[in-house]
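The values are calculated or read from the model by the stated rules, or taken from the named source; none is laboratory data. The model shown is predicted, which means the values in this text are computed figures rather than measured ones. Glycine gets a Cβ as well: all are built from the backbone with ideal geometry, and neighbour counts include every protein chain shown. All accessible areas refer to the heavy atoms of the entire protein, side chains included, with ligands and DNA or RNA removed. Shrake-Rupley method; radii C 1.70, N 1.55, O 1.52, S 1.80 Å.
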Amino acid sequence: MLRYSLKRLLSLVISLAVASLVIFAVIEVAPGDPASFMLGINAQPDTVAALRAELGLDMSKPQRYVAWVTGMLSGDFGTSYTYRTPVAQMIADRMWISLPLAIYALTLSTLIAFPAGIYAASRRGKGGDVAVMGATQLGIAVPNFWFAMMLVLIFAINLRWFSAGGFPGWDKGFWLSMKALTLPAISLALPQSAILARVMRSSLLDILGEDFMRTARAKGLTRRQALWRHGLRNALIPVLTIIGLQFSFLLAGGIIIEQVFFLPGLGRLIFQAISARDLIVVESVVMLLVFSVILVNFLVDLAYAAVDPRLRSRT
Amino acid sequence: MSLLEIQNLDLSIGSARILKDVSLSIDKGEIVAITGESGSGKSMTAMAVMQLLPDAAHLSGAVQLAGRDLLSLDEDTLCTLRGNEVGMVFQEPMTALNPVKTIGAQVAETILIHSDTPKAEAMQQAADMLARVGLPADRFPLSRYPHELSGGQRQRVVIALAIAQRPKLLIADEPTTALDVTTQAQILDLLKELVSEFGMGLMMITHDLAVVSDMADRIVVMRHGEVVEQGETRALFRDMKHPYTRALFEASGHQVDLPALPDGPDPVLQVTGAVRDYALPRTRLFAPRQFHRAVNDVSFTIHHGERVGLVGESGCGKSTLTRAILGLEGLQGGSITAFGKPVSPAMNPALRSGLQVVFQDPYGSFNPRHKVARIITEPFHLLPNPPSGADRDARIAQALTDVGLTAADADKYIHEFSGGQRQRIAIARALIINPELIIFDEAVSALDVSIRAQILDLIADLSRKHSLSYLFISHDLSVVRSITDRVLVMKSGQIVEQGVTEDVFANPQHAYTKTLIAAAPVLPDISHLKENAHV
């Protein structure tokens, strides 16, 4: 298990190194000089040159790459071209919204999907299964921003239980902030849970047809005992894959939901940075997202090994 | 009162009648074999005793275990009986165990759900039971997972968990069908010992008459959901009142009429010192690569018109050798030449068209979305000018009639055919471009005995008509004995013995060949039984 983890860790580091090179290269070939963009079209050439020197744009490419990577490693992401504030600070502010939102949404999605999927699988072909499958079909078909608007309409405008958007800040109190994240989390979670429930159901149904489930029944386990003791852990492997993918998506893919609820999250930050050609911010945020995707994959790999002994012994 | 008493059992699932008026009984300490071909209802009889039938199943009649009518019990009561009073062992040891739980936990679970035994105590009992079935804890700790064991070892675990509560009745559904002959012999011996030691009744389900002939006290022969004949083993073999029993017996020991070997010394296939290595995963990052030698210095020749058998147990390198002969994988040493030209993954289509293959699985080896005509003409793409139009149709019709099908079958899809017919189609696909050599890779292993006999006859017929040369790979010694002129015995990547089939079987030289032949189950000699009866 330790060897397996170390190997996965090594592959994580290599992936990160490759990703950082690719991101740097792509941003480099993007047209437009940030310095002249910042100073406007009427800027004097020597002013532009001075700014380029200040931003470090006059260094050679390898030098800039090394400076960027070593900076990131020490927590220095550089200074935003447009806002003139440290990028690390900007990302940290947004992260405090996006990360809790993603975890919140993923927790909700899992809490809805597991029981729904297990329930549907255990009543295959019966009314309960058909109802759950119908609901998930709807969950996948309807876009999440429509859910979001409906939630706002019902719970914020009509019932006035929640505010329609905005974020008070964690310093105003944990529960207040969680409350502000609730509607966005639900709208993010619903479509995800619909997908997850279907995966859970089909994975369980595959497992229920396996020979070892018959062995379990022949031992004297009831249908329910066999499902919980032998079925669930085996069915979890494909489900973990989807959960990993969903987390990465939720972290950065919530831009529309962030817009609907006026949340200053990572999605909006990257959108603004791209429009303003704030390359250093784009670079850093993309790198951070890549890091989170790779980290989540690493955690999913560890979870696989925890679930399946066959992976542990395969070195 | 017998231990198990099945009376007039009828089973239907939906509108299909699966079992019709089945009656049989098993006593304490008695081994009763239920035999028959696929679809005969033998497994369903077992599942009816376990009461593990699909929801749509409808049962009538009576199944009494130690005086209790199982059909009248509710599900909760049945759960207390399963594993406790009736244990069951299944065919596929590779998949019958939960891959994510240790063997100790899986055996102990049977004990834990049926008694208030503390967990540590249950683990101890599990260890004892595993030791009893031949997996002592010092070599096979309870913390092993199923994937760390071989097929035979897994089947021992399945047996251990089935008998952990010392049930009165053990049901074994084709327990050795997926195993090698030597492993099969060991498992059968183990089952016999356990029956006499625990005084269990054993219901042994198998398609293989030879397996049960020297093991079962009584035999029940089933066909189409009905019991056609049952009786004490020796008496049943001696008399065989029902024609189906006789047909089954004849098919099991079927001897084909193989045409004489055409003379002609020209070799079709020459394998010289073939070596095939597989790289093993690195144990450390910069450790030198380790290799597994799957085929080790193998040499043999197949002459024109010769029928050669290749026998050996799983993992001996048969399939690896086959892939090398077909030019699907390269060699690490030695050479293979077909018709004087070297065989390799890069060989040209003309050479490839001379080597065709028929695989084991009649269900998995066809694309279900293609019609038969398209399936069997697939090898045509190897030809520089593939036949078209009427010529193509004629070739298709010829190939299909050669294998005992009709030209009209060309327009059908593969699901419309039975397993035996599919294997005929596979042979037609190999035959259609008149190959010099056909490789039959376990080509009859998945078939019922009567179908197997027909396919073997077909192969003999084709051999007569087209003077075929073939390499017949099988784990089944009796089949190889009847269908080949010469046999190669393979073990751990090497040919340990080769020679004229009859000589090798009658007088094996190598110790391994002797073991194999001794382990292979044989049908009783009827004439011998009859003589003894008169004494």
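Place a point 7 Å from the Cα of B:Asp21 along the Cα-to-Cβ direction; which residues of the range B:195-233 have their backbone N under 20 Å from it? Under 20 Å, as judged by backbone N against the label point of B:Asp21, lie B:220-231 of the range B:195-233. Largest accessible area first, the listed residues A:Val293, B:Val480 line up as A:Val293, B:Val480 when surface is computed with a 1.4 Å probe on the assembled protein chains.
What net charge do the residues around B:Pro136 carry, taking every other residue with its C-beta under 14 Å from that of B:Pro136, with Lys and Arg at +1 and Asp and Glu at -1? Display every interim value, and only then the final one.
On the way: positive: B:Arg132, B:Arg139, B:Arg144, B:Arg156; negative: B:Asp128, B:Asp138.
Net charge in that neighbourhood comes out at +2.
Cα gyration tensor of the range B:47-87, axes a ≥ b ≥ c as square roots of the eigenvalues: rounded (a/c below 1.5), prolate (a/b > b/c) or oblate? Oblate, because a/c is 1.5 or more while a/b does not exceed b/c.
Between the range B:422-486 and the range A:246-315, the alpha-carbon centres lie 58 Å apart. Listed by chain and number, the lysines whose C-alpha is less than 27 Å from the C-alpha of B:Lys341, apart from same-chain residues fewer than 8 away, are B:Lys318, B:Lys465.
Note on the range B:297-384: Kirkwood radius taken over Cα pairs, Stokes-Einstein applied at 37 °C and 0.692 mPa s, translational D equal to 217 µm² s⁻¹.
In this structure the amide hydrogen of B:Val227, modeled in the peptide plane, comes within under 5 Å of the amide hydrogens of B:Ser23, none closer than 5 places in sequence on its chain.
Using a 1.4 Å probe over the heavy atoms of the protein chains, calculate the carbon and sulfur portion of the accessible area of the range A:158-315 as a whole percent. Display every interim value, and only then the final one.
Details: 4380 of 6730 Å².
Heavy-atom surface of the range A:158-315 belonging to carbon and sulfur, 1.4 Å probe: 65 percent.
For the protein assembly as shown, rounded, prolate or oblate, judged on the Cα gyration tensor with a ≥ b ≥ c (square roots of eigenvalues), a/c < 1.5 rounded, else prolate if a/b > b/c? Verdict is prolate for the protein assembly as shown.
Counting only aspartates and glutamates at least 8 places from B:Lys530 when in the same chain, those with an alpha carbon closer than 19 Å to its own are B:Asp214, B:Asp217, B:Glu229, B:Glu232, B:Asp239, B:Glu250. Modelled this way, with points 7 Å down the Cα-to-C-beta line, the labels at A:Arg124 and A:Lys179 are 4.6 nm from one another. Rolling a 1.4 Å probe over the protein heavy atoms leaves B:Ile18 with an accessible area of roughly 40 Å².
Interface area, chains A and B: about 2400 Å² of buried accessible surface, summed, with a 1.4 Å probe and ligands, DNA and RNA left out. Centre-to-centre separation between the Cα atoms of the range A:1-61 and those of the range B:121-162: 58 Å. Each principal axis of the Cα cloud of the range A:90-313 was taken in turn, and the coordinate range along them, longest first, works out to 64, 47, 31 Å.
A simple packing score, the average count of other Cβ atoms within 10 Å per residue, orders the peptides A:209-221, B:70-82, A:165-177 as A:209-221, B:70-82, A:165-177, with the highest score first.
Volume per residue of the convex hull around the Cα atoms, evaluated for the range B:4-252, comes out as 124 Å³. Simple spin-label estimate for B:Lys192 and B:Asp503 gives 3.3 nm between the two label positions (7 Å along the Cα-to-Cβ direction from each Cα). Annotation: per residue accessible area for the range B:4-252 equals 37 Å², rounded to a whole number [probe 1.4 Å, protein chains only].
Solvent exposure of B:Asp411, expressed as accessible area, is near 110 Å², computed with a probe of 1.4 Å over the protein chains only.
For the range B:4-252, which whole-number percentage of the solvent-accessible area (1.4 Å probe, protein heavy atoms only) is attributable to carbon and sulfur atoms?
Working: 4280 of 9150 Å².
Carbon with sulfur: 47 percent of the solvent-accessible area.
Annotation: aspartates and glutamates with alpha-carbon distance below 14 angstrom to B:Lys101 (same-chain offsets under eight excluded): A:Asp308, B:Glu109, B:Glu148. Across all directions, the shadow cast by the convex hull of the range A:1-108 built on its C-alpha atoms averages 9.9 square nanometres.
Given Cα pairs under 8 Å that are at least 6 residues apart, what percent is the relative contact order of the range B:365-496? Before the final figure, lay out the partial values.
Numbers: 131 pairs, mean separation 29.1, N = 132.
Relative contact order of the range B:365-496: 22 percent.
What the Cβ-Cβ distance of A:Ser5 and B:Leu52 gives, at R0 = 30 Å and to the nearest 0.05, is a FRET efficiency of 0.15. Packing-based ranking of B:421-428, B:235-242 yields B:421-428, B:235-242, ordered from highest to lowest mean Cβ neighbour count within 10 Å. Students often get this wrong, so check it: of B:Lys491/B:Lys514; B:Lys168/B:Lys192; B:Lys42/B:Lys514, which have C-alpha atoms separated by over 24 Å? Check vs 24 Å cut-off fails for B:Lys42/B:Lys514. Neighbouring Cβ atoms from other chains, within 10 Å of the Cβ of residues in A:204-217, number 5 on average. A 1.4 Å probe, protein heavy atoms only, puts the accessible area of B:Lys491 near 80 Å².
Can you tell me the order of A:63-71, A:122-130, B:292-300 when each peptide is scored by its average per-residue count of other Cβ atoms within 10 angstrom, highest first? Could you put the intermediate results ahead of the total?
On the way: A:63-71: 14.9, A:122-130: 12.9, B:292-300: 18.4.
Order by mean packing, descending: B:292-300, A:63-71, A:122-130.
Please state, rounded to one decimal and in Å, the Kirkwood hydrodynamic radius that chain B gives when every pair of distinct Cα atoms enters the mean of 1/r. Walk me through the intermediate numbers first.
Numbers: mean 1/r = 0.0391 Å⁻¹.
Kirkwood hydrodynamic radius for chain B: 25.6 Å.
For the range B:303-341 and the range B:233-261, write down the distance between their C-alpha centroids in whole Å. Their Cα centres are 33 Å away from one another. When B:Arg276, A:Arg268 are compared by accessible surface with a 1.4 Å probe, the order from highest to lowest is A:Arg268, B:Arg276. Per residue of B:159-168, other chain Cβ atoms within 10 Å of the residue Cβ number 1 on average.
Using a 10 Å cut-off around each Cβ of peptide B:90-101, what is the average number of partner chain Cβ atoms that fall inside?
Numbers: counts 5, 1, 4, 1, 1, 5, 8, 5, 13, 8, 11, 7.
Taking the mean over all residues of the peptide, I get 6.
In the context of the full set of protein chains, residues of the range A:90-313 present 44 Å² of accessible surface per residue (probe radius 1.4 Å, heavy atoms only).
Amide H to amide H, with H built 1.01 Å from N, B:Leu170 comes under 5 Å of B:Gly87, B:Gly201, B:Leu202, B:Met203, counting only residues 5 or more places away or on other chains.
Of the listed residues B:Asp441, B:Asp21, the order by accessible area with a 1.4 Å probe, largest first, is B:Asp21, B:Asp441. Overall, the protein assembly as shown carries a charge dipole of about 2200 debye about its Cα centre when +1 sits on the Cβ of Lys and Arg and -1 on the Cβ of Asp and Glu, all other atoms neutral.
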